[in-house]
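Here the structure comes first, spelled out in structure tokens, and everything after it is commentary.
Just so it is clear, none of the values below were taken in a lab; they were calculated from the coordinates. Because the structure is predicted, anything quoted here is derived from the model rather than measured. Positions of Cβ are generated from backbone atoms using ideal geometry, with glycine treated the same way; all protein chains shown enter the neighbour counts.
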Amino acid sequence: MTGNQQLLIPPEVKNPIYESGSLVRLKTVRESLRQGLLSIYDIPDIYEDWVSQDEGLVIEREVNGVFEIKGVKCAKRGNDVYRWRVNDRLKDVKGLFQNKDNDFFSVFEKKPMVNCLNVTLTYDVKRCSIAKAWGNIGKEYNKFISRLKSKYGNIDIIRAWEAYENGYPHVHMILLFNDHKFNGFKFKNDDVRIQEKDDIDKAWHSHTDISGIQNLSKSGFYLTKYITKLNNVQDIPKDELEKDKASRKKHRLTMSMMWLHNKRAFGISGSFLSNIKQNRLDFALHNSNFKHQTTLDLSSGLSDVMKYSTDWKLVGVYKWSDIWKVAKKDQKKESWVYDCKNRPESSFKKFDCPRDKERIINMDCRDCKNLLNCKLGGFEIDH
């Protein structure tokens, strides 16, 4: 079955991937895959149905005998709130990569000592199916990094997943080795390779591509541009997408596979920025001040809506259109937070914290944090 074909479900049977109100739910997608009702190639289309279904949390609290009710739009992997969050998290990194003084060694060195690498890990299709590969890639990647750290010491990382044309995952990353330097040599077109590549290859089960990074502005810009474009693919003009259908198809497949397998789109070590500054050539030689002294905080902060988290209780998850129907007048429809007159009429999904039957939002509770992972009024759900 291809992604363009209809789902192989008899018309008289209720489509198993949709729940009440024709809403896609990840648990039913996974179950349909397990039962053989769906093919892995159907997932991109189903994912796009899911992300297009705007949803929001309704929360309420009582202040001096008066109920205050708010609707907060959920961040769903690929929607506008999610894209804003991705861009916000990357802004400090982009600022770093735009600085052209990020040299780790001189371009004139024929045999440079290299401690920053551009690494791509591919996946051998003979190992297992696409579904198993995506299911295993996280654990296998962690093993790869653990093996490198045990051999080379502390490493800072920027990492992104990508689906190859055949659907299998591969990993793009920038690795900053804080305790080790590799023996580099010039390759084609002044590309820098390392003599110790075979040692790194032993830590991964399939093909690797490894090159030394002389300046972060090019490699880092490419990686962050890829992450941004991946998550903003729905905003790319149609005429541009028509010119690059292969890229569009790959982006859709990548986003849908990450959604299906609960993979974070990208990861950044918390100390990456500060350690880049320490390892830069101009810092080491001249002790110059870094223009972009920032601290990257990847923890999800709470919006002003949740400033007093213990006061708020969750009512449930609703269609965003239903929340708009009960929003107070004189509010912008494109806003991500609505003040509401009352609760929406029907909730198609309830939230119940197993540790608190009153549904009081408790940020010390892991289950609450998983659902209430929010930034500027954007609660994130991935199911």
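Before moving on, here are some points about what is shown:
- Sites Phe187 and Asp124 - FRET efficiency at Förster radius 22 Å, r taken between beta-carbons, to 0.05: 0.35
- Over segment 187-231, the reciprocal of the mean inverse Cα-Cα separation, the Kirkwood hydrodynamic radius, stands at 12.5 Å.
- Test item: Cα-centred dipole of segment 126-165, Lys/Arg +1 and Asp/Glu -1 on Cβ, debye: 300
- Label-point separation in nm, Val66 to Lys229, each point 7 Å along Cα→Cβ: 5.1
- ³J(HN,Hα), Karplus 6.51/-1.76/1.60, whole Hz, each residue of segment 139-145, x for Gly, Pro: 5, 5, 5, 4, 5, 4, 5
- Above-threshold pairs, the threshold being 27 Å between Cα atoms, out of Lys70/Lys249; Lys132/Lys319; Lys76/Lys250: Lys70/Lys249; Lys132/Lys319
- Linear extension gain, Lys249 paired with Glu165, 0.36 nm per residue minus alpha-carbon span: 29.4 nm
- Label-to-label distance for Lys132 and Asn262 is 2.1 nm, based on points extended 7 Å past Cα in the beta-carbon direction.
- Put in line by how crowded their Cβ is, counting other Cβ atoms within 10 Å and starting with the fewest, Met173, Met255 read Met173, Met255.
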